[in-house]
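Structure record follows, encoded as structure tokens.
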Amino acid sequence: MTEQGTPLGIGIVGVGGIALSHMAALRSMTSARLIAVCDVDAARAAEVAHVERCAGYGSAEELFADPAVEAVIVCTPNMTHEQLGMQALAAGLHLLMEKPLAMTPAGARSLAAKAAEQGRALAVGHSHRFTDQSAAIRAVIDSGEIGTPRFVRIAMNGGWIWPGWQSWVLNPTLSGGHSLHNGVHLVDLASWWIGEPATSVYSVGQHATSEALEISDYLVMELGFASGASAVCEISRGERPRGASYLELTVVGTEGVISREWDAEGVMAWTDAGLTAWGVDGAAERTFVNELEAFVAASRGTAEVVPPVSAAIHAVEIAAASEDSLRTAQTIDIGVRA
Amino acid sequence: MTASLVSQPGFVRARAAVRAAEIGLLRAVAVDIVASGEADALRVLGPAAIEIIREATGPASIDLQAHATADGRAVTFLGRADHAVAVSAHLSALAGEHREYLRAAVRLVGTHGSVLVDLLGPMLDVRTAAGAVRVPFGVSGAEGDPRDATETLSAITESARSGRNITTTW
């Protein structure tokens, strides 16, 4: 279906916040072109379609049936991922699923099996793999400079709690909880940098913004690996002050340490809004371009899917186990311990 | 590596901030200590880490899960204290002859703010054509009476060995 040298025809299902990042990336790419968008809010789809100069549909079925659409990016809430993904793959489309791949490990494996059966690329939006900093860390690890990685600490803390009590993200039945909604990013990075899948998870969660929350907006996951390596993955949407965010990436190897901290862009600013670190070079925008270029290459069959679908399934397994750990206050084993 | 991390002036200031509720109520503590030299990370670096955590949280009962590499050079634990504070720590001993801290940091997260302390600071960065060195300066705070951490360290060892959660105190 896809011809080399012509832009890959892309459809976007769901035009909420994350879709805007994908659309911005597509505008700067020549290897892919936005053909159509759809949303359950047909008026919203029409509005976005007008701005993006593409087709707008009120249903996924209409978008999947558009003959110019060769691949889709699913940007809808988590509880819709499995069903929409199965539909897209059944329609013969390559699929970039926003994270998480599915709400359950079984659902994730079903999608992987369907993609294999259909011979279509299945990628998952673990976008943090595509940041400049993540790639640089992996390059240092691959160089052997710090020896064998045996510990990763990731902290991604901010105060931008999802607005509105009606938000599906705050409903664990619809989002799967914070482990699935955001935690999968950290699990993916930690496993990638350590170089093996995790075999256990123990999680501590807090309702930082309000005790009335049904999800842990502050979450710490400790991953164990068969080699004896470990990782601490900390993600928060309940920090104060709300405007400040904190990032920390640390990898400790047998012979050295890699660390990247909050002010690592090199620009600290203090204004009436407080002390903040400013980004400087469009790195966030580049992340989505990198991710989409990798997806286009996988769809064309010129490169492997990144991250491998096995890693995306693993992230769902760990995240689901993390939610179990939060409920039971116990360590949950995945696979066989060393 | 002989300097006490607990009496490091930045940590003394941060501990005062916790006690004065400048960051609200303490919610989480994260400690990383990486040094070169002796192989047994828990024995060499553990007492300092536990002392730092205990100074931050106060005496507490904690349910923790630990992991350790087979050679004992890397140990990690995450715990939930009885007053709901989340505590994580990593200790690494890298290969090398000299006993030297390569990284030592503590982050204290509160309900109304956070404090990050580089336990190796304050330092001057001195860069010349011959290379770069870091020169420490300042005066350490008063040393407290070091308290015994044997029970906690034993619990960490047992959790790492068994792969199970263990309750201990500090």
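Descriptive notes on the structure:
- Rel. contact order, % - alpha carbon contacts under 8 angstrom, at least six apart, chain B: 32 percent
- Charging the Cβ of each Asp and Glu at -1 and of each Lys and Arg at +1, and nothing else, the dipole of the range B:79-170 about its Cα centre rounds to 340 debye.
- Fluctuation leader among B:89, B:68, B:16 - chain B, Gaussian network, Cα springs under 10 angstrom: B:16
- Remark: mean inter-chain Cβ contacts per residue of B:86-92 equal 6, using a 10 Å Cβ-Cβ cutoff to other protein chain atoms.
- A Gaussian network model of chain A, with springs between Cα atoms under 10 Å, assigns the largest mean-square fluctuation among A:281, A:132, A:142 to A:281.
- Taking 20 Å as the cut-off, the amide N atoms of the range A:86-100 that come nearer than this to a point 7 Å along the Cα-to-beta-carbon line of residue A:40 belong to A:86-89, A:97-100.
- Distance from the Cα centroid of the range A:1-77 to that of the range B:1-32 is 50 Å (rounded to whole angstrom).
- Cα shape, the range A:191-314, gyration tensor, a/c 1.5 rule: oblate
- Span from the the range A:183-226 Cα centroid across to the the range B:36-81 one, whole angstrom: 19 Å
- Among A:319-331, A:89-101, the order from most to least packed when residues are scored by Cβ within 10 Å on average: A:89-101, A:319-331
- Placing a label point 7 Å from the Cα of residue B:84 along the Cα-to-Cβ direction, the residues of the range A:217-237 whose backbone N falls under 17 Å of that point are A:217-220, A:236-237.
- The range A:177-246 gives an Rg/Rh value of 1.02, both radii derived from C-alpha positions and Rh following Kirkwood.
- Averaged over peptide A:250-262, the number of partner chain Cβ atoms lying within 10 Å of each residue's Cβ comes to 4.
- Remark: mean inter-chain Cβ contacts per residue of B:61-71 equal 5, using a 10 Å Cβ-Cβ cutoff to other protein chain atoms.
- Estimated from helices alone, the mean residue ellipticity of chain A at 222 nm is -10500 deg cm²/dmol (sum of -39500 (n - 2.57) over DSSP H runs with n ≥ 4, per residue).
- Scoring A:229-238, B:105-114, A:269-278, A:282-291 by mean Cβ neighbours within 10 Å over their residues and listing the highest first yields A:229-238, B:105-114, A:282-291, A:269-278.
- Based on C-alpha pairs under 8 angstrom that are at least 6 apart in sequence, the range A:1-52 has a relative contact order of 40 percent.
- Working from label points 7 Å from Cα in the Cα-to-Cβ sense, the residue B:154 to residue B:99 distance is 2.4 nm.
- Percentage of interatomic Cα-Cα distances in chain A larger than 24 Å: 56 percent
- Grouping the Cα pair distances of the range A:8-127 into 5 Å bins from zero gives a pair-distance distribution of 2, 13, 25, 26, 20, 11, 3, 1 percent in increasing distance order.
- Value of relative contact order over chain A, rounded to a whole percent, pairs C-alpha under 8 Å and six or more apart: 20 percent
- Largest to smallest principal axis extent of the C-alpha atoms in chain B, angstrom: 52, 41, 26
- Dipole of chain A, positive end: most advanced residue of A:209, A:190, A:305 [Cβ charges, Cα centre]: A:305
Bear in mind these aren't lab numbers, they're just calculated from the coordinates by the rules spelled out. Small disclaimer: the values here were computed from a predicted structure and weren't measured. Please note: Cβ atoms are built from the backbone with ideal geometry, for glycine as well, and neighbour counts cover all protein chains shown.
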